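Read through the structure below, which is laid out as structure tokens, and then see the notes.
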Amino acid sequence: MKKYDLKYIALAISLFSIICVFLPWVTTTLDHSSIKFDMGIEFPKIHETGISWPEGVTALFVCFFGSVLTFKENKYSYISGIVNVILGIMVGIDISSVNEKISGVLGSSSVAGYGLVLFLLGQLGFIFISYNFTTVRQK
């Protein structure tokens, strides 16, 4: 592939990751059997988007920064993807620690939402494409 093709693919993946920050990163559910008086109330799932997490806000800015570096054809643009993968893993660790703390409270549980999974996959793709973009550029 030409280096410009890889550049635009990396930019598209970065835009995809920016969109994923606004998707649900955490889904919390409440177990109905833990409530002593079941009145037929349906508890909704609570979805938290990535932008509501400090790591998500930071990841959004790092995505913008990575997009600018890729557009300017900087050879270190893939580092922004590495930073975002670390931020995504930090959110995953936070979810598991919060899940352990709230599992006894009203039987609730939290799981990673599809936005976090798509964000991590997008950033892994961004690392791969932008690193290949820099190696093609240097040849």
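Just a few scattered comments:
Yes/no matrix, rows are residues, columns are (1) touching a Gly at 6+ places or on another chain (Cβ under 6 Å); (2) modelled with pLDDT of 90 or more; (3) among the charged types (D, E, K, R); (4) closer than 23 Å to residue 27 by Cβ:
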| position | (1), (2), (3), (4) |
| --- | --- |
| 72 | no, no, yes, no |
| 77 | yes, yes, no, no |
| 82 | no, yes, no, no |
| 94 | no, no, yes, yes |
| 101 | no, no, yes, yes |
| 107 | no, no, no, yes |
| 118 | no, yes, no, yes |
| 125 | no, yes, no, no |
| 132 | no, no, no, no |
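- Hits in segment 45-79 - residues which are of a type in the set (Gly, Ala, Ser) and buried (at least 20 other Cβ atoms within 10 Å of the Cβ): 50, 56, 59, 66, 67, 77
- Some residue of segment 2-19 being acidic (Asp, Glu), at pLDDT below 90 and either more than 29 Å from residue 109 (Cα to Cα) or buried (at least 19 other Cβ atoms within 10 Å of the Cβ) (or both): yes
- Close contacts from segment 51-69, counting a first residue that is under 18 Å from residue 13 (Cβ atoms) and a second that is surrounded by fewer than 20 Cβ atoms within 10 Å (Cβ to Cβ) and among the hydroxyl-bearing types (Ser, Thr, Tyr), with Cβ to Cβ under 8 Å and a gap of 6+ residues or different chains, come to 56/49; 69/76.
- Boolean, residue 37 is touching a helix residue (DSSP H, G or I) at 6+ places or on another chain (Cβ under 7 Å) and either at pLDDT below 85 or on the phi > 0 side of the Ramachandran plot (or both): no
The values are calculated or read from the model by the stated rules, or taken from the named source; none is laboratory data. Nothing here was measured: the structure is a model prediction, and the numbers come from that model. For neighbour counting, all protein chains shown are included, and Cβ atoms are generated from backbone atoms with ideal geometry for every residue, glycine included.
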